[in-house]
Amino acid sequence: MALSPTAAQRRVIEAADPVTGRLRGPRTQLAALVKRGLAFRHPRPPHDHFLTPAGHRIREAADGPDAVAVPSQAPAVPDAGGVFAARVGGEDAAPGGTGPARLREVRGAWQGLLELRRMTHPDGSTDRPCAWERSHLVRAAALALEAAGHRPAGPDGDDGYRVRATPQPEAVAVHEPDGTALRACAATLERAGWQVGEYTEPRTRARYLLASPRKV
């Protein structure tokens, strides 16, 4: 259990962008928030600072207790400990709900994943998947799609993406009945560092994607 941020740090948190969590303030205050695990510094120029999920919770609970639990490390791995779950499509109940709060959570998880890439790749790059993504293929691909604004399928199998495991090592299948939306999913995954190919199911003739994390 860690002490809540100082009054000055709270003012910086409360002034954050309500959707992206982008922070503005003195460098000393931003650095202090990073040290407390309430913010992280984006690895790419202009190196802006953003709230972590813990920082968002403090912003949304201004009348909460004087002490709050904060992580002792930099941005948490998405889906760690059941805190966050990207939508893979077809769930009976959407994890995390919908609306602005869900959007903030997804974007925070994606930024945290980019930071995890930076910290774990020897060259500090963020343009290709890291070891965590290779061991959580479905969740990693789903996070990339949801963070880019693609709509996951509902429980009734309506339009939207569905990410599923495959027998092939280091590969997931992405299904989307709309051809244009399927190609948009492919473009998103490629930008996120995945190798993507489009194929046809022999029985149904439906098109789908096969995506694997890019290694170089």
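The values are calculated or read from the model by the stated rules, or taken from the named source; none is laboratory data. The shown structure was predicted, so the numbers you read here are calculated from the model rather than taken from an experiment. Here Cβ is always computed from backbone atoms with ideal geometry, including for glycine, and neighbour counts include all displayed protein chains. When the accessible area is computed, the model is the full protein with side chains, heavy atoms only, and any ligands, DNA or RNA have been set aside. Shrake-Rupley method; radii C 1.70, N 1.55, O 1.52, S 1.80 Å.
Given (1) surrounded by 14 or more Cβ atoms within 10 Å (Cβ to Cβ); (2) not in a helix (DSSP H, G or I), identify the lone condition not met by Gln168.
The number of the failed condition is (1).
Mind telling me which of the residues Arg183, Arg139 ends up being without any contact (Cβ under 8 Å) to a residue 24 or more places away in the chain, basic (Lys, Arg) and either surrounded by fewer than 21 Cβ atoms within 10 Å (Cβ to Cβ) or not in a loop (DSSP other than H, G, I, E, B) (or both)?
Arg183
Which of the residues that make up the range 112-168 are farther than 16 Å from Arg191 by Cα and touching a Leu at 6+ places or on another chain (Cβ under 8 Å)?
Across the range 112-168, the qualifying residues are Trp132, Pro152, Tyr161, Val163, Ala165, Thr166, Gln168.
When you scan the range 190-216, how many residues do you find that are under 15 Å from Glu170 (Cα atoms), assigned to a strand (DSSP E or B) and of a type outside the set (Val, Ile, Thr)?
Looking only at that region, the number is 8.
Please go through (1) assigned to a helix (DSSP H, G or I); (2) under 23 Å from Arg41 (Cα atoms) for Pro129 and return the number of the only condition it doesn't satisfy.
Condition not satisfied by Pro129: (1).
List every residue pair whose Cβ atoms lie under 6 Å apart, where the two residues are 6 or more positions apart in sequence or sit on different chains, the first residue falls within the range 190-213 and is farther than 19 Å from Thr180 by Cβ and at pLDDT 95 or above, and the second residue, located anywhere, is in a loop (DSSP other than H, G, I, E, B) and open to solvent by 70 Å² or more (accessible area, probe 1.4 Å).
none
Is there a residue in the range 120-136 that is open to solvent by 50 Å² or more (accessible area, probe 1.4 Å) and over 17 Å from the mean Cα position of the chain (by Cα)?
yes
Answer yes or no: is there a residue in the range 100-122 that is more than 22 Å from His56 (Cα to Cα), β-branched (Val, Ile, Thr) and assigned to a helix (DSSP H, G or I).
Yes, the range 100-122 has at least one match.
Being open to solvent by less than 70 Å² (accessible area, probe 1.4 Å) and not in a helix (DSSP H, G or I) is the filter; apply it to the range 27-41 and report the residue that is farthest from Leu51 (Cα to Cα).
Only one residue tops the list, namely Gly37.
Inside the range 186-216, can you point out the residues that are under 20 Å from the mean Cα position of the chain (by Cα) and either among the hydrophobic types (A, V, I, L, M, F, W, C) or open to solvent by less than 80 Å² (accessible area, probe 1.4 Å) (or both)?
Passing the criteria: Ala186, Ala187, Thr188, Leu189, Ala192, Gly193, Trp194, Val196, Ala211, Ser212, Pro213, Arg214.
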